[in-house]
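Everything below concerns the one structure shown next.
The values are calculated or read from the model by the stated rules, or taken from the named source; none is laboratory data. Since we're looking at a predicted model, the values are computed, not measured. No Cβ is skipped: glycine too gets one built from the backbone with ideal geometry, and neighbour counts run over all protein chains shown. Heads up: the accessible areas ignore ligands, DNA and RNA and are worked out on the full protein's heavy atoms, side chains in. Shrake-Rupley method; radii C 1.70, N 1.55, O 1.52, S 1.80 Å.
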Amino acid sequence: MSTGIKARRWLGRHALHIYGVLAFAYIFTPIAYVMVFSFNRPARSNLTWRGFTLENWTNPCNAPDVCNALGNSLKIGVASTVIATVLGTMVAFALARYRFRGRTTTNLLIFLPMATPEVVLAASLLTLFLNMRVQLGFTTIIIAHVMFSISFVVVAVKARIASLDPRLEQAAQDLYAGEFETFRRITLPLVAPGIAGAALLAFSLSFDDFIITNFVSGDVNTFPKFVYVSAGRGIPADAYVIGSAMFLLAMAIVLAAELFRWRRAKNL
Amino acid sequence: MATAEAGGDLRLSGVTKRFSAFTAVDGIDLTIAQGEFFAMLGPSGCGKTTTLRMVAGLEEPTEGSIHLGDLDVTHKKPYQRPVNTVFQNYALFPHLTIFENVAFGLRRRGVKDVKKQATDALDLVELGHLAQRKPAQLSGGQQQRIALARAVVNRPQVLLLDEPLGALDLKLRRQMQIELKRIQTEVGITFVHVTHDQEEAMTMADRVAVMNHGKIEQLGAPSDLYESPDTTFVANFLGQSNLVPGTRTGTDGGYVVIESHGQKARILQSRCVPGSDLLLGVRPEKIRIQEAGDEVPTGLNRLTGGVVVDASYLGVSTQYLVRLPWGQNLTVFSQNLGITERFRDGSAVTLAWEPDHSFGLAGDAAAGVDEEAAALAAAASAPQG
Ligand SMILES: Nc1ncnc2c1ncn2[C@@H]1O[C@H](COP(=O)(O)OP(=O)(O)OP(=O)(O)O)[C@@H](O)[C@H]1O
Ligand SMILES: [Mg+2]
């Protein structure tokens, strides 16, 4: 057998693995870069490798304002997530369950904020706020974030409700559960994973948002805004630490959820 | 609360259900006595499930009313009725354990000894050991039994069963039938049982309703339906029937005389519909098959000139397909007593039966024929080789 054929066989067997490794490398290189540079010895900027240190991790609030901005982002994220999730879930139930005039139109309009370019939304929101003489700040950011994340919540929760077998609720009513009991014991627990997913999505959309926030935030600083502004004069390594920490936290949550599911499946 | 003594019969009066233009249930009048085991049979899509759903309160009748004793429940919510359902697709709650599924109704009603009652119900369906599992971890048949336990545990006044044994194998099915019957007689619950299994309906039910196109074709004790069907649909849907077209020529004592292709037969007047164009009906097992030329006892109906075109030995009986001179095939079941002769293909035979076993119908002779079975029979009668 010639080596050419052998090589081709080997390639045939391992093509998928190679493809997988390359794809992962593509996705994770920037993240790995962030992590590595979070251990870089601090200077005004963090663009060249100067040597390993734990200093950034032990004191991540070293750079002026970085933790202040992070705190603002977290506050805004939580507030807008709670509001968008509650409102969006209610809209989703209304759209999925009730026939009313304008339902089809609403279903379409819900997609509009997703389809509109963010800068356009941002500019028009700013115009709106200025015309109404609303003081730019926390309130305007939260209003803006709720506005663009609510569509995502509605779509995610609605999909979950649609996949629910209506006979389950009928069976509950047949078994003497009134409307509210049926909702509390059957509907809500079964839709809950969809709502949780929607909330996570809303939070990450809010935490991540730069464009709209930049327009409507006035002098409130958020983490993305901080990173963007400091990019001009050099991003401090602390921002890399915070970025890495967020990533690790997200991974930990996913792993914990998997572990929990696995344990529960095993214990049955 | 919900199971308060409303007492009495389940009465449906003129109950109709329309889905926009389509009429799924068409003016059903029905009274089911308290404690009765009532079965509903009918082809797919004839409105059985819709009828049950209206009794359960999951669907509102377009017209008509439903009473439980003196209580008008037509527009009551499902949770306000002392009625429970075993759903056609189980509808177990996927996020609750088997135990919690069964305990659900008890908890909602604020029953005290939930644990004992739910455990008893689980033991009743022999699945006590699975109490802590989730529905997705059970087989189809097990899920079905849980659905049964979840409904029965509430001891409702009326239990609606929508093909509750459909997914079980034959042995378990027979076992559950006995269990069901026992529960029903023990607790005195009214059972309304929808099934595709004729044998199940016939053996378990006090009365059977045969439905077709949203209407009740016939209602009665299983033996009445079988021995004396009112329509060709019932005659063909319940068991098999031979239907020979003929015309009424007169009466003879209490009998109607019908002539078919020059041969005369008699039908009890009470079992014959009015009109002159008739279908002479007789069940396959009522027919005696004998060699052409042999003497037929006097007083029997007979059809002569038959030729055996197929004989299938089935162990306890032999099934013959006999072609009559005008080309129609009749089915005959002959018990293998060992004293009567067995006939081969091509034998010339005469068919005879008691006049009291015939019935006279009108209409489409092929209504309600099980198409699959008919195709099989046709394949069997086709010349071999
Ligand atoms: N919600 C609905 N909207 C429109 N048509 C319906 C609806 N529910 C049932 N139907 C129609 O009503 C007819 C009767 O349905 P039903 O479920 O009562 O039949 P079934 O006798 O239970 O049949 P099967 O033996 O297959 O379960 C069917 O033709 C069905 O398509
Ligand atoms: Mg059905």
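Just a few scattered comments:
Table: residues versus (1) under 22 Å from residue B:202 (Cβ atoms); (2) at pLDDT 95 or above; (3) assigned to a strand (DSSP E or B); (4) among the aromatic types (Phe, Trp, Tyr).
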site: B:16; (1), (2), (3), (4): no, yes, yes, no
site: B:27; (1), (2), (3), (4): no, no, yes, no
site: B:38; (1), (2), (3), (4): yes, yes, yes, yes
site: B:44; (1), (2), (3), (4): yes, no, no, no
site: B:51; (1), (2), (3), (4): yes, yes, no, no
site: B:55; (1), (2), (3), (4): no, yes, no, no
site: B:61; (1), (2), (3), (4): no, yes, no, no
site: B:65; (1), (2), (3), (4): no, yes, yes, no
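- Checklist (1) over 21 Å from residue A:179 (Cβ atoms); (2) within 13 Å of chain A (Cβ to nearest Cβ); (3) surrounded by fewer than 20 Cβ atoms within 10 Å (Cβ to Cβ) applied to residue B:118, failing item: (3)
- Here residue B:126 meets each of (1) surrounded by fewer than 18 Cβ atoms within 10 Å (Cβ to Cβ); (2) of a type in the set (D, E, K, R); (3) within 11 Å of chain A (Cβ to nearest Cβ) with one exception, condition (3).
- Search result, residues across segment B:57-67 that are away from ligand 2 (no atom under 13 Å from the Cβ) and crowded, with 19+ Cβ neighbours inside 10 Å: B:57, B:61, B:66
- Test result for residue B:205, modelled with pLDDT of 90 or more and not assigned by TED's automatic domain parsing to the domain that holds residue B:89: no
- Of all residue pairs spaced 6 or more apart or on separate chains, those with beta-carbon atoms under 6 Å, a first member in segment B:80-109 that is over 17 Å from residue B:144 (Cβ atoms) and a second member that is within 16 Å of ligand 1 (Cβ to nearest atom) and part of a helix (DSSP H, G or I) are B:83/B:56.
- Subset of segment B:205-239 [of a type in the set (A, V, I, L, M) and either out of contact with any His (no Cβ under 7 Å at 6 or more places or on another chain) or within 16 Å of ligand 2 (Cβ to nearest atom) (or both)]: B:208, B:209, B:210, B:211, B:216, B:219, B:221, B:225, B:234, B:235, B:238
- Listed by first and then second residue, the pairs with beta-carbon distance under 7 Å, at least 6 apart or on different chains, first residue in segment B:48-67 and within 14 Å of chain A (Cβ to nearest Cβ), second in a loop (DSSP other than H, G, I, E, B) and within 16 Å of ligand 2 (Cβ to nearest atom), are B:49/B:88; B:50/B:59; B:53/B:59.
- Helices (runs of 4 or more DSSP H) enclosed by segment A:185-268 - at least 2 residues per element that are small (Gly, Ala, Ser) and over 19 Å from residue A:62 (Cβ atoms): A:188-208, A:237-267
- For segment B:70-104, the set of residues classified as aliphatic (A, V, I, L, M) and either away from ligand 2 (no atom under 16 Å from the Cβ) or open to solvent by 30 Å² or more (accessible area, probe 1.4 Å) (or both) consists of B:71, B:73, B:83, B:92, B:96, B:98, B:102, B:103, listed by residue number.
- Residue among B:250, B:239, B:246 that is in a loop (DSSP other than H, G, I, E, B) and assigned by TED's automatic domain parsing to the domain that holds residue B:355: B:239
- Among the candidates B:131, B:91, B:136, the residue that is at pLDDT below 95 and facing another protein chain (nearest Cβ under 9 Å) is uniquely B:91.
- Taking the criterion of being within 16 Å of ligand 1 (Cβ to nearest atom), within 14 Å of chain A (Cβ to nearest Cβ) and not in a loop (DSSP other than H, G, I, E, B), the residues of segment B:149-198 that qualify are B:160, B:161, B:162, B:192.
- Those residues of segment B:278-302 which are under 22 Å from residue B:226 (Cα atoms) and open to solvent by less than 30 Å² (accessible area, probe 1.4 Å), in sequence order: B:278, B:279, B:280, B:281, B:282, B:283, B:284, B:287, B:289, B:300, B:301
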